[in-house]
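In what follows, a single structure is set out as structure tokens and then discussed.
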Amino acid sequence: MATIQKEILTHASVDEAWDAIRDVGALHTRLVPGFVTDTRLEPGARIVTFFNGVTVRELIVTVDEDHKRLVWSAESALLKHHNGSTQVFERGSRTCVIWTADLLPDDAAGTVEALMDAGAKAMKSALDEVAGKG
């Protein structure tokens, strides 16, 4: 199983970053605008439309307030298995968001990593804007 991890350093506070991440229905407006173009909620899940037109149903596994950690899973035409998580940490005077994806098949890792690079860039921009540094 391939694992991809991105580290996003932002000027947003831990609470500001977590507030945007935990708002699972607002990916397209608060966390990764432009990378995600629409998010619709269903009971226990969200339907996410990405910039390239791909739509994926993501099951929300947990929103862990104590650890500021969100976990979801998804299946798509590209992936047999996908488990994603984001977790927020304080790192000195900055906030660090760790975004991890575990996926199958392994040979999809290059495509997913390129998508996560774009998503991480969108996330940093949106979070820095919340902090007035965007």
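Structure values in brief
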{"read-out": "Cβ-placed point charges (K, R +1; D, E -1), dipole of the range 1-52 about Cα centre in debye, nearest 20", "value": "180"}
{"read-out": "Distant-in-sequence amide H partners of T37 (H built 1.01 Å from N, under 5 Å)", "value": "T49, F50, F51"}
{"read-out": "Projected label distance in nm at E129 and E65, using a 7 Å step from Cα toward the beta-carbon", "value": "2.8"}
{"read-out": "Sequence of R46, R30, R40 when ordered by accessible area, the most exposed leading, probe 1.4 angstrom", "value": "R40, R30, R46"}
{"read-out": "Gap separating the Cα centres of the range 10-58 and the range 60-116, nearest whole Å", "value": "12"}
{"read-out": "Spin-label model distance (nm) - A77 vs L41, 7 Å beyond Cα toward Cβ", "value": "3.0"}
{"read-out": "Most to least accessible of K6, K133, K68 (protein chains only, probe 1.4 Å)", "value": "K133, K68, K6"}
{"read-out": "Over the range 78-128: Rg over Rh, Cα atoms, Kirkwood Rh", "value": "1.05"}
{"read-out": "Base-10 log of normalised Debye intensity for the range 45-92 (one unit scatterer per alpha-carbon) at q = 0.20, 0.24, 0.32 Å⁻¹", "value": "-0.73, -0.89, -1.18"}
{"read-out": "MRE, 222 nm, helices only [DSSP H, n ≥ 4, -39500 (n - 2.57), over the chain, to nearest 500]", "value": "-7500 deg cm²/dmol"}
{"read-out": "Net +/- balance of residues flanking A2 in space, Cβ distance below 10 Å, scoring K and R +1, D and E -1", "value": "-4"}
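The values are calculated or read from the model by the stated rules, or taken from the named source; none is laboratory data. None of these values were measured; they are calculated from a predicted model. Because the Cβ atoms are built from the backbone with ideal geometry, glycine has one as well, and the counts that use them run over all protein chains shown. Surface accessibility is based on the protein's heavy atoms, side chains included, excluding ligands, DNA and RNA. Shrake-Rupley method; radii C 1.70, N 1.55, O 1.52, S 1.80 Å.
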